[in-house]
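Heads up: the structure comes next, in structure tokens.
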Amino acid sequence: MSQISSLLKFIDHNPTAFHVVANVKDTLSKAGYAEVKESEDWKLKAGSKAFVTRNSSSLIAFSLPKGKTVKGFRIFSAHTDSPSFRVKENPELEFSEYLRLNVEKYGGMIVSSWLDRPLSIAGRVLFEGAKGIEEKLVNIDRDLLVIPNVAIHMNSDINKGYQYGIQNDIPPLFAQGKKGSFVKLLAKETGIKADKILGSDLFLYPRQKGFVFGAGKEFAASPRFDDQACVYAGMRGLLESEKGTYVNVLALFDNEEVGSGTKQGADSTFLEDTLYRICDALNMSRTDYLKAQSDSFALSADNAHGVHPSMSGKADPVNRPILNKGVVLKFNGNQKYATDASAAAFVRSIAKKANVALQDYANNSDIPGGSTLGNISTAHVSIRTADIGLAQLSMHSACETMGTKDIDGMIALATAFYNM
Ligand code: ZN
């Protein structure tokens with residue numbers, strides 16, 4: 001049975017990277033994974049299952065093989081963040097008693113897709129609590145904001161293309177009245193007194209819930225398919241694999257949409273530190289750790305561009321994924337994707353055994369493509385890596401489109417990978 005409705009439900013619960021981590025944590029805990037902290041000693045033994053988080057927005061989970069020796073790692077990575085608008089400090093902008101919220105871009109979204117639709121705010125708040133500085137997740141779970149377009153009568157050229165200015169065009173309409181409503185609302189929603197709030201990471205999110213469409217229910221549309229579809233597939237693969245002989249690792253990184261260069265991003269030491277800590281807790285030597293690293297493999301999973309019916313000329317003439325036709329294996333001559341022949345051979349052999357359809361992606365040679373986690377994280381932990389993903393349309397829109405069948409292939413591939 002297709003897993004698309006469980007995926008849509010998962011995404012609907014996760015308006016921000018903080019919520020992704022909280023929900024994955026919760027699911028893993030229920031499946032017997034223990035939380036370990038970077039600031040404490042780790043007590044691990046054969047068969048241990050655990051996870052560690054950094055900044056509450058990145059998470060690495062691992063399960064150790066039942067046998068004594070550690071041959072190497074099987075790492076599946078994906079990213080927890082999606083493009084959005086971040087609420088700035090001092091967020092109220094006043095104009096004739098309209099209050100709008102002062103926002104800035106987080107990542108590269110299709111700006112127009114955020115207008116004239118219900119939006120709200122989610123993220124985390126830090127506050128002065130009984131135990132010092134504490135943190136709380138927040139999701140204002142109602143239609144709170146709209147970014148209204150200017151009428152076509154006042155902007156008659158809009159259909160010839162319009163460049164939205166983020167500072168002036170995008171602040172969403174929030175309230176009518178005097179300044180002070182935002183902090184009052186935040187206090188009410190979090191149950192934290194306004195004068196105890198010390199900081200926040202808050203983002204806009206579209207209220208649109210994911211839905212299935214098409215004559216044969218072939219398609220689904222939802223916010224944040226990129227990259228929560230791969231997060232979900234990796235998590236399911238980890239939970240469903242039973243018999244692996246490697247250390248299975250699920251690495252979920254924040255900040256891919258802004259270049260990964262943060263303490264919790266793929267360009268940090270988080271993965272390297274975690275793999276080393278696992279080996280150290282098992283009393284392995286540095287040489288044993290390096291030996292394990294050399295017999296390791298990573299799947300970097302991030303969504304891919306399906307060929308678009310109205311702009312097929314933007315795609316490669318041959319290596320152009322189609323929705324519902326399988327997991328995408330990505331190649332790039334300039335190594336923006338880490339896949340080489342040896343990594344591709346490895347993935348194709350697992351997919352064949354697991355009966356998972358694969359299709360290939362390469363950019364049109366005249367159009368530079370995006371980048372992702374694979375080649376960034378292999379610069380820190382140098383292991384053989386393949387970039388994979390799920391074909392989708394409208395990447396970085398407030399509502400993206402995928403095929404309903406592909407998620408099943410990605411879960412099956414992740415499970416087979418972890419079962420090696
Ligand atoms: Zn992505």
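At-a-glance table
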quantity	calculated
Residue match in region 63-79 (condition: crowded, with 24+ Cβ neighbours inside 10 Å and more than 15 Å from residue 275 (Cα to Cα))	yes
Every residue from region 91-140 that is among the polar types (S, T, N, Q) and modelled with pLDDT under 95	96
Residue in region 296-312 that is surrounded by fewer than 19 Cβ atoms within 10 Å (Cβ to Cβ), at pLDDT 95 or above and under 23 Å from residue 244 (Cα atoms) present	no
Boolean, residue 27 is of a type in the set (Val, Ile, Thr), within 28 Å of residue 267 (Cβ to Cβ) and surrounded by fewer than 20 Cβ atoms within 10 Å (Cβ to Cβ)	yes
Every residue from region 91-148 that is assigned to a loop (DSSP other than H, G, I, E, B) and of a type in the set (Gly, Ala, Ser)	96, 107, 108, 130
Qualifying positions in region 132-164 - surrounded by 13 or more Cβ atoms within 10 Å (Cβ to Cβ) and farther than 23 Å from residue 87 by Cβ	158, 162
Count - residues of region 379-389 that are over 14 Å from residue 330 (Cβ atoms) and surrounded by 19 or more Cβ atoms within 10 Å (Cβ to Cβ)	2
Positions within region 30-62 being among the aromatic types (Phe, Trp, Tyr) and surrounded by fewer than 20 Cβ atoms within 10 Å (Cβ to Cβ), in sequence order	42
Residue 258 vs. criteria within 16 Å of the ligand (Cβ to nearest atom), surrounded by fewer than 22 Cβ atoms within 10 Å (Cβ to Cβ) and assigned by TED's automatic domain parsing to the domain that holds residue 295	yes
Exclusive hit being more than 16 Å from the ligand (Cβ to nearest atom), at pLDDT below 95 and crowded, with 22+ Cβ neighbours inside 10 Å, set 292, 220, 266	292
Within region 330-420, helices (runs of 4 or more DSSP H) holding 1 or more residues that are more than 16 Å from the ligand (Cβ to nearest atom) and either assigned by TED's automatic domain parsing to the domain that holds residue 243 or within 30 Å of residue 269 (Cβ to Cβ) (or both)	341-354, 406-418
Unique match (being away from the ligand (no atom under 16 Å from the Cβ), surrounded by fewer than 22 Cβ atoms within 10 Å (Cβ to Cβ) and within 24 Å of the chain's Cα centre (by Cα)) among 324, 319	324
Qualifying residue in region 312-326 (condition: within 27 Å of residue 219 (Cα to Cα), in contact with a Pro (Cβ under 7 Å, 6 or more places away or on another chain) and in the same structural domain as residue 52 (by TED's automatic domain parsing))	no
The listed residue being under 27 Å from residue 350 (Cα atoms), of a type in the set (A, V, I, L, M) and in contact with an Asp or Glu (Cβ under 8 Å, 6 or more places away or on another chain), out of 251, 221, 281, 266	266
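The values are calculated or read from the model by the stated rules, or taken from the named source; none is laboratory data. Bear in mind that the values here come from a model prediction, so they are computed numbers and not experimental data. Virtual Cβ from ideal backbone geometry, glycine too; neighbours counted across all protein chains shown.
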